[in-house]
Structure formats: structure tokens, C-alpha cells
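Derivation of every value follows stated rules applied to the coordinates shown; laboratory data play no part. Computed from a prediction, not measured in an experiment: that's the story for all the values here. All Cβ positions, even for glycine, are placed from backbone atoms using ideal geometry, and neighbour counts span all protein chains on display.
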Amino acid sequence: MDLFCGIVLGKSSINVTIIDEKQNEVLNEDVPNDAPSVIAALNPHKRDLQSIVMEACHNPEWLMDALYADGFTNVHAID
């Protein structure tokens, strides 16, 4: 199943939402504001994730780097 992820970086938490190709919500979770928590939320879906898109307004490079280092691909930042 193809899955797509959106990440919203907040000051105290990060929202991770995953939908499938029919736009059904698979995951909608607020996690602590650190890379290991985000990776833990994404890992069960890693094989099926087609892309990860995150907002760029809160300096997302640290999280993008951590996701790439953990083997996630197609990670994008948008304004």
C-alpha cells in the first residue's frame, strides 16, 4: 500500500500524519520534538512510505538529516 506522510514541526511537539492513496488516515500522532520519536512513529510504515513532506518554517534540516540517516528517502521541506 502506498503511504504519504506530512510532518508539522511545533515548538513542543511534532505532528506526524500518514495517509494512504485513498486519503484514509493511517496515523495522526503528536510526538516529542526529537528525531528518535519521529522515527519511531514512522518505522512501522517505512516500507510503504512514498514521500515525507514537512513544513520548512522551523528549520527542519536537523530532522531531514536524521530521517535520511535512518534510511528514509523522498523527504521534502515546503514553505
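Worth pointing out:
- Equivalent ellipsoid dimensions for the chain as semi-axes, Å, which come from the Cα gyration tensor, largest first: 18, 13, 12
- Net charge of Cβ neighbours under 10 Å - reference ALA35; Lys, Arg +1; Asp, Glu -1: -3
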